[in-house]
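Before any comments, here is the structure.
The values are calculated or read from the model by the stated rules, or taken from the named source; none is laboratory data. Here the structure is a predicted model, which means the values were calculated and not measured. Methodologically, a virtual Cβ is constructed for each residue, glycine included, from the backbone with ideal geometry; neighbour enumeration extends over all protein chains shown.
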Amino acid sequence: MKNIAVIGTGYVGLVSGAGISDFGHNVVCADIDKNKIKHLQNGEIPIYEPGLQELVNRNVQSARLSFSSDVNKSIEDADVIFIAVGTPEGENGASDLTAVLDVARAIGKNLNSYKVICTKSTVPIGTGAKISKIINETSNNLLEFDYVSNPEFLREGSAVKDFLWPDRVIIGASNVRAFDIMKNVYRPLYINETPVIETTIETAELIKYASNAFLSVKISYMNEIANMCDEIGADVHVVSKAMGIDGRISPKFLHPGPGFGGSCFPKDTKALVSMAEKYGTNLNVVESAITANQLQKERMVKKLFKLLNNDVKGKTIAVLGLAFKAQTDDVRESPSINIIDALINNGANVKAFDPAANDNMKKLFEDLDTYMSWEETVKDADCVVIMTEWNEFRGIDLSKLKELVKHPNLLDCRNILKIDDLEKQGFNYDNVGRKKR
Ligand code: UDX
């Protein structure tokens with residue numbers, strides 16, 4: 001059993017800290033945000049993450065997991081320190097490392113024994129060397145430590161599952177001692193034979209970006225195939241299914257939609273392109289995926305306007321789904337932002353509903369008219385647009401929807417409604433690559 005400090009209590013830090021305590025270690029999740037820590041100490045989880053409340057409660061009750069705003073003491077008491085603070089998008093797509101380097105300085109100042117310093121946050125290649133340099137400088141090279149890169153692959157909405165049952169664990173380190181300590185941290189995963197890749201620090205840092213950027217490319221590729229299906233009258237679901245049966249392609253992340261959002265793909269793709277340029281090389285494919293993604297979001301706006309003969313002024317539009325994907329309350333880079341922005345700027349009345357993200361979207365559009373059910377939202381609407389694939393939207397009764405709306409216009413940006421039913425109910429509809437000719 002190790003004493004672990006996790007610095008940063010966002011969805012990565014909190015899930016990782018709770019998960020590592022579930023592995024049997026003594027974990028302190030620390031943050032400089034005293035208010036956040038107070039809520040956590042009161043058992044309040046500040047993020048929407050299915051399963052996290054139970055995971056935290058279980059480990060707090062077993063006295064393996066605690067929360068502290070005393071970052072310095074958490075560092076002093078720890079054998080292993082995880083850096084899990086935010087790395088938001090900075091200038092020209094590069095990552096903003098302010099928070100990460102602040103933690104590195106705090107670690108240097110409070111280095112009172114040998115420790116392993118492990119970065120969970122997604123950081124540009126070469127950041128490990130920067131962190132080590134800062135720790136050496138601020139600790140006056142007094143004490144020994146090892147640095148490890150241990151990137152996370154947590155998807156919002158399934159982060160607990162992704163942490164406890166990962167496809168693989170990536171450990172980047174430079175000596176056996178560090179690898180052995182990380183093996184101890186992740187012992188339950190080693191026991192159940194989760195693949196563990198042990199490599200260099202820079203390779204581990206690149207694996208994270210290469211993985212996220214590839215998934216982004218896969219999504220943009222499928223979105224463009226869907227757009228082609230729109231023009232030739234093919235069914236993108238059949239194309240995607242047939243492609244996914246090929247083991248080399250896999251059926252995952254082949255679902256066309258309104259464009260990818262979230263706190264990772266948009267940021268990580270730009271950061272990787274920026275890094276490549278810094279190293280004198282180009283990632284043309286990733287750059288194209290970024291462009292295709294922006295165009296996809298704009299295409300959804302055009303599709304919506306087209307359903308209303310490009311005259312939305314004074315029309316009432318019901319936006320179902322605000323989060324960038326289902327099972328999260330996060331609206332960062334959500335395609336719904338583009339839709340709402342365009343509608344408001346063209347004089348439409350917007351009614352919006354999301355099972356989890358209403359409040360977060362109102363932080364961006366403070367006058368946004370939000371509702372607590374899809375039924376209230378669609379009442380008297382001239383058009384309905386489905387932006388997020390929440391299950392309750394999959395289950396919409398189209399005959400009931402038809403009765404509630406003023407005009408039966410509908411754009412399904414997630415292809416979750418049955419086309420035959422839409423046609424039977426006489427909807428004037430559009431979607432992403434499935435419209436019948
Ligand atoms: C992603 C990575 O999956 C995860 O490994 C990394 O640690 C963090 O970033 P996340 O952004 O939370 O996770 O969600 P994800 O499920 O990957 O979806 C990202 C975006 O792609 C969403 O906007 C989603 O709607 C979109 N998407 C995903 C598609 O449009 N089609 C798909 O088939 C899959």
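What to note about this one:
- Of all residues in segment 326-339, none are surrounded by 19 or more Cβ atoms within 10 Å (Cβ to Cβ), within 15 Å of LEU411 (Cα to Cα) and touching a Cys at 6+ places or on another chain (Cβ under 6 Å).
- Out of LYS351, LYS418, LYS363, one residue alone is free of Cβ contacts under 8 Å to residues at least 40 places away in the same chain, away from the ligand (no atom under 16 Å from the Cβ) and buried (at least 18 other Cβ atoms within 10 Å of the Cβ). It is LYS351.
- Number of the condition not met by ILE131 [criteria: (1) surrounded by fewer than 24 Cβ atoms within 10 Å (Cβ to Cβ); (2) of a type in the set (Val, Ile, Thr); (3) out of contact with any Pro (no Cβ under 8 Å at 6 or more places or on another chain); (4) assigned to a helix (DSSP H, G or I)]: (1)
- CYS118 falls short on exactly one of the conditions (1) in contact with a Phe, Trp or Tyr (Cβ under 7 Å, 6 or more places away or on another chain); (2) without any contact (Cβ under 8 Å) to a residue 60 or more places away in the chain, and that condition is (2).
- Qualifying residue in segment 310-320 (condition: under 23 Å from the mean Cα position of the chain (by Cα), within 12 Å of the ligand (Cβ to nearest atom), surrounded by 21 or more Cβ atoms within 10 Å (Cβ to Cβ) and hydrophobic (A, V, I, L, M, F, W, C)): no
- The set of residues in segment 66-89 that are within 22 Å of ILE125 (Cα to Cα) and in a strand (DSSP E or B) comprises VAL80, ILE81, PHE82, ILE83, GLU89.
- The criterion of at least 2 residues that are out of contact with any His (no Cβ under 9 Å at 6 or more places or on another chain) and closer than 22 Å to LEU398 by Cα is met, among helices (runs of 4 or more DSSP H) falling completely within segment 330-378, by 374-378.
- In segment 321-346, residue nearest to the chain's Cα centre (by Cα) [restricted to those that are of a type in the set (Val, Ile, Thr) and more than 9 Å from the ligand (Cβ to nearest atom)]: VAL331
- Of GLU224, GLU193, GLU198, all but one fail to be of a type in the set (Asp, Glu), in a helix (DSSP H, G or I) and away from the ligand (no atom under 11 Å from the Cβ); the exception is GLU224.
- Odd one out for ILE170 among (1) in a helix (DSSP H, G or I); (2) at pLDDT 95 or above: (1)
- Of residues in segment 138-167 being in a helix (DSSP H, G or I) and away from the ligand (no atom under 14 Å from the Cβ), the one nearest to ARG187 (Cα to Cα): LEU164
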